[in-house]
Amino acid sequence: MQLILNGSPQEVPDGATLGQFLAELGLPEKGLAVERNLEIVPKSAYDSTRLEAGDRLEVIQFVGGG
């Protein structure tokens, strides 16, 4: 199925959870903020949130520095 990730089309296996998708992208759950269809997804819900065709995801990764 296809969804939109940060404005770009992305293929995702049917039935994938947000947690599985983030792991497939190689992104750590820590230090991320994820918005799905204009709603923030709590980290505690990543593994139970099933992605659907047409979902719009915005993923922001926080980086430290100084």
For this session: Determine whether the range 50-66 contains at least one residue that is touching a strand residue (DSSP E or B) at 6+ places or on another chain (Cβ under 9 Å), open to solvent by less than 30 Å² (accessible area, probe 1.4 Å) and of a type in the set (Phe, Trp, Tyr).
Result: no
For this session: For Pro9, work out the one condition from (1) assigned to a strand (DSSP E or B); (2) within 11 Å of the chain's Cα centre (by Cα) it doesn't fulfil.
Result: (2)
For this session: Just give me the residues in the range 28-46 being open to solvent by 50 Å² or more (accessible area, probe 1.4 Å) and either in contact (Cβ under 8 Å) with a residue 40 or more places away in the chain or assigned to a loop (DSSP other than H, G, I, E, B) (or both), in sequence order.
Result: Pro28, Glu29, Lys30, Asn37, Leu38, Pro42
Exercise. When the range 41-57 is examined, which residues are found to be under 10 Å from the mean Cα position of the chain (by Cα) and farther than 13 Å from Leu3 by Cα?
Worked result: Val41, Tyr46, Thr49
For this session: State the number of residues belonging to the range 2-27 that are open to solvent by less than 60 Å² (accessible area, probe 1.4 Å), on the phi < 0 side of the Ramachandran plot and of a type outside the set (S, T, N, Q).
Result: 10
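The values are calculated or read from the model by the stated rules, or taken from the named source; none is laboratory data. Everything numeric here is computed off the predicted structure, so don't read it as measured data. Neighbour counts run over all protein chains shown; Cβ positions are idealised from the backbone, glycine included. Note: accessible area is taken over every heavy atom of the protein model, side chains too, but ligands, DNA and RNA are not part of it. Shrake-Rupley method; radii C 1.70, N 1.55, O 1.52, S 1.80 Å.
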